[in-house]
Amino acid sequence: MRLALIFVATVLVGCSTTKLNPGKSGWTATYNLVSGQIPNTLEAHFPKELEKSRVDYTVDQNLKGSVQMQLGALDSATKLFHKFDGEDQSLQDATCLLLSRKTLRELRNGQVVELIIPQGFTDKRRKFALEEKLEYPVLINGKTKKMDALHLQTFGKPRFSIWVLDSDSYPLIIRMDLGWQLLLSDIKT
């Protein structure tokens, strides 16, 4: 019996997932971004403390801009911003490459959430629900780590999906399929 308990404890400890641990100057997430037939690389630099939530980005190493999320957006915003056109943006009620903590908690608790997603020249309201909790492989500083994640999906058609780190501190979107695709390729801390 004692040997079995030691074995179970060892297995449980060995199966733990990694938490994102940013460096002193923050961290950089690199994404593959595909809209239509054109693949792009998006690099986004996040501060260590997301409350100082200016995200500097580059697209294909030549288009540069920043997104400043106002205080409170990371706590409760339901609008996702994803316009990376080289302009500096200030968001009052939206997050960029992150879900709000309130949205993450509601999804974790089995609630359906309504997110506002820009599509073309309009904003569309889409209801998302938790499809599954999973361990998602993420390349961090050159090493693949398993991280707790949530897979969200819309109801009806078209079916949109979002994968996000299950982390109150860093609720980073790691993959989106919203008629165009965004896929995290690596994180450098």
>> Show the residue pairs meeting these rules: Cβ distance below 8 Å; 6+ apart or different chains; first residue within the stretch 44-65 and part of a strand (DSSP E or B) and surrounded by 15 or more Cβ atoms within 10 Å (Cβ to Cβ); second residue of a type in the set (K, R) and modelled with pLDDT of 95 or more.
In response: D56/K64; Y57/K64; T58/K64
> In the stretch 92-102, which residue that is without any contact (Cβ under 8 Å) to a residue 60 or more places away in the chain and within 16 Å of the chain's Cα centre (by Cα) is surrounded by the fewest Cβ atoms within 10 Å (Cβ to Cβ)?
Replying inline: K102
> Restricting the search to the stretch 156-189, which residues are among the polar types (S, T, N, Q) and assigned to a strand (DSSP E or B)?
Replying inline: S161, Q181, S185
>> Which pairs turn up if I take residues in the stretch 148-159 that are in contact (Cβ under 8 Å) with a residue 24 or more places away in the chain and within 27 Å of N21 (Cα to Cα) and look for partners that are among the hydrophobic types (A, V, I, L, M, F, W, C) and in a strand (DSSP E or B) with beta carbon separation below 6 Å, at least 6 apart in sequence or on another chain?
In response: A149/L134; A149/W163; A149/L165; L150/L130; L150/V164; L152/F128; L152/I162
> Assuming K145 fulfils every condition listed in (1) outside any strand (DSSP E or B); (2) among the basic types (K, R); (3) closer than 24 Å to T18 by Cβ apart from one, which condition is it?
Replying inline: (1)
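The values are calculated or read from the model by the stated rules, or taken from the named source; none is laboratory data. Note that the structure is a prediction, hence the values are computed from the model and not measured. Don't worry about glycine lacking a Cβ; one is built from the backbone with ideal geometry, like all the others, and counts go over all protein chains shown.
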